[in-house]
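The values are calculated or read from the model by the stated rules, or taken from the named source; none is laboratory data. Since we're looking at a predicted model, the values are computed, not measured. Heads up, the Cβs are rebuilt from the backbone with ideal geometry, glycines too, and the neighbour counts pull from every protein chain shown. Keep in mind that these areas ignore ligands, DNA and RNA; they rest on the heavy atoms of the full protein, side chains included. Shrake-Rupley method; radii C 1.70, N 1.55, O 1.52, S 1.80 Å.
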Amino acid sequence: MAGKGAATPATYSPSLTTVKGKKKPPIFADDANWVRSDGRHFHQCRPAFLRTNAVNSASGSAYAEFGNTKVIVSVFGPRESKKAMMYSDVGRLNCNVSYTTFATVHRNQGSDSKELSSMLYKALEGAIILESFPKTTVDVFALVLESGGSDLPVIISCASLALADAGILLYDLVAAVSVPRLQAPLSICLRHFFSVAFYLVLEEVFP
């Protein structure tokens, strides 16, 4: 354990060397001097903060901050479905994503909630052991408090943490990340994520 006087890095910075120890070639000629609009250098990740038990009235909940993106997720259930259902050996998962009116610079200009809800469902469905709660429903409500970019990966990661906090049986936690394609070709190595379920969102910045 580090001493009390040890400095804690503000954010994680990935290594610029490969497995063989050879330095990766820069994407841009001035990588070292390239600074983002939020003050981060090219290879710096956003500062992250996550906590559970954010909503007392929910079965489980989580709050996540990645840079300026702030998300809170509440999980309710398993509980009897309000809709009439035939008996099923597996449970049912409902996902809903919404934005506060002040989440974006322009009021009520958040991303398509229906599309994000569908993508959240697809990301979580394979990680939940639905057979553990037959004929009942688990509801996942994600609320984006502030949209600072890469909303979907933050929503998925936060929702996975909220499900675990609710005691829902999972095959594994789901970690999500967005990868912008700055130039072709695109090469992504996922060998460091073999221990968790992984969801990748590809954002094409420059076609």
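General observations
- The residue among Ile129, Ala142, Cys158 whose Cα reaches farthest toward the positive pole of the charge dipole of the range 117-175, with charges on the beta-carbon of Lys, Arg, Asp and Glu, is Ile129.
- Here the accessible area of the range 49-177 is 52 percent carbon and sulfur, with a 1.4 angstrom probe and all protein chains present.
- R0 of 22 Å, Cβ-Cβ distance Ser113-Ser57: FRET efficiency to nearest 0.05: 0.50
- Accessible area (Å², per residue) of the range 49-177, counting only protein heavy atoms and a probe of 1.4 Å: 51 Å²
- Put simply, when 97-104, 43-50 are sorted by average Cβ atoms within 10 angstrom per residue, most first, you get 97-104, 43-50.
- Amide H contacts for Thr136 (H built 1.01 Å from N in the peptide plane; partners 5 or more residues away or on another chain; cut-off under 5 Å): Arg92.
- Computed log10 I(q)/I(0) for the range 49-177 at 0.11, 0.17, 0.19, 0.21 Å⁻¹: -0.36, -0.82, -1.00, -1.18, from the Debye equation with unit scatterers placed on every C-alpha and solvent omitted.
- Only Lys, Arg, Asp and Glu carry charge here, each on its Cβ (+1 for the first two, -1 for the last two); on that basis the range 48-177 has a dipole of about 320 debye about its Cα centre.
- Take each peptide in 125-132, 170-177, 149-156, 63-70, count the other Cβ atoms within 10 Å of every residue, and average; sorted highest first, the result is 149-156, 63-70, 170-177, 125-132.
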